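What follows is a set of notes on a single structure, which appears directly below.
The values are calculated or read from the model by the stated rules, or taken from the named source; none is laboratory data. Predicted model only: the values in this text are computed from it and were never measured. Don't worry about glycine lacking a Cβ; one is built from the backbone with ideal geometry, like all the others, and counts go over all protein chains shown. To get the accessible areas, we keep the full protein, side chains included, count just its heavy atoms, and leave off ligands, DNA and RNA. Shrake-Rupley method; radii C 1.70, N 1.55, O 1.52, S 1.80 Å.
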Amino acid sequence: MVRRHTIIGTDTPDLPATFRYAEARRLGVSDRRLRLLLEEGQIELVSRGLYRRTDADPVVNLDLIEVAHRVPDGTLCLVSALARHGLTDQIPPAIDIAIPRGRRAPRTAAPVAWHHFSRETFSIGREPLLVGSDDQISIYDAERCIIDAFRLRHREGTDLAVEALRAWLRRRGSRPATLMAMAKHFPQAAAPLRTTLEVLL
């Protein structure tokens, strides 16, 4: 259960776990009161204009909290998503986030590598990922991540794609037929993925 914190005065509504400056003002929190909350350590600054209550439930990653608020449809992808799925040992220097092609990437305090994915296939394999008590971002499922690794192997490296596929095949319940069915939406990935599957199986 999320604990609620009364903000200095009974007439002030509770703030959500993570909130924007504009939201705090709408709830009646003045600039002076906001500064006092920061000084007292009751809230912390996540990034410019974005705050989080310090009594909120522990979060997975404050950087992901920021991305979730800056880009609601941003989706964890490629190496970052593969690592979260346990399909690679690589540690990306920045968080890989996919946004629809044509969307402008915002400035963030968090280190983010933005990837523009086709709008037509953007939603394929997307699923929610809870990153706080009331915050969530999207992440591509394991199958979509493998397909993207093969589709973008000229940029991400063939070794990453093969390593992820091999790790996925070792998992109980992995279904190559399901993977190939999804790959039909991504012509650049289908042929090399099928060839690699034939070698590994």
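What to note about this one:
- Restricting attention to the range 157-179 and to residues that are assigned to a helix (DSSP H, G or I) and of a type in the set (Gly, Ala, Ser), the residue that is surrounded by the fewest Cβ atoms within 10 Å (Cβ to Cβ) turns out to be Ala177.
- Checked against (1) part of a loop (DSSP other than H, G, I, E, B); (2) hydrophobic (A, V, I, L, M, F, W, C); (3) at pLDDT below 90; (4) buried (at least 18 other Cβ atoms within 10 Å of the Cβ), Leu87 meets all criteria but (3).
- Single unsatisfied condition, Asp73 versus (1) surrounded by 15 or more Cβ atoms within 10 Å (Cβ to Cβ); (2) charged (D, E, K, R); (3) not in a helix (DSSP H, G or I): (1)
- Matching residues in the range 134-156 - criterion: being within 30 Å of Thr18 (Cβ to Cβ), modelled with pLDDT under 95 and buried (at least 17 other Cβ atoms within 10 Å of the Cβ): Asp135, Ile137
- In the range 36-72, residue modelled with the lowest pLDDT [restricted to those that are acidic (Asp, Glu) and closer than 17 Å to Arg20 by Cβ]: Glu44
- Residue in the range 106-116 that is in a strand (DSSP E or B), among the small types (Gly, Ala, Ser) and touching a Ser or Thr at 6+ places or on another chain (Cβ under 6 Å) present: no
- The set of residues in the range 68-93 being more than 16 Å from Glu127 (Cα to Cα) and of a type in the set (Val, Ile, Thr) consists of Val79, Thr88, Ile91.
- Inter-residue pairs, beta-carbon under 6 Å, first among the aromatic types (Phe, Trp, Tyr) and in the range 153-178, second surrounded by fewer than 17 Cβ atoms within 10 Å (Cβ to Cβ), 6+ apart: Trp168/Ser174
- Here is the figure for the range 18-40: residues that are farther than 16 Å from Ala68 by Cβ and open to solvent by 40 Å² or more (accessible area, probe 1.4 Å) total 15.
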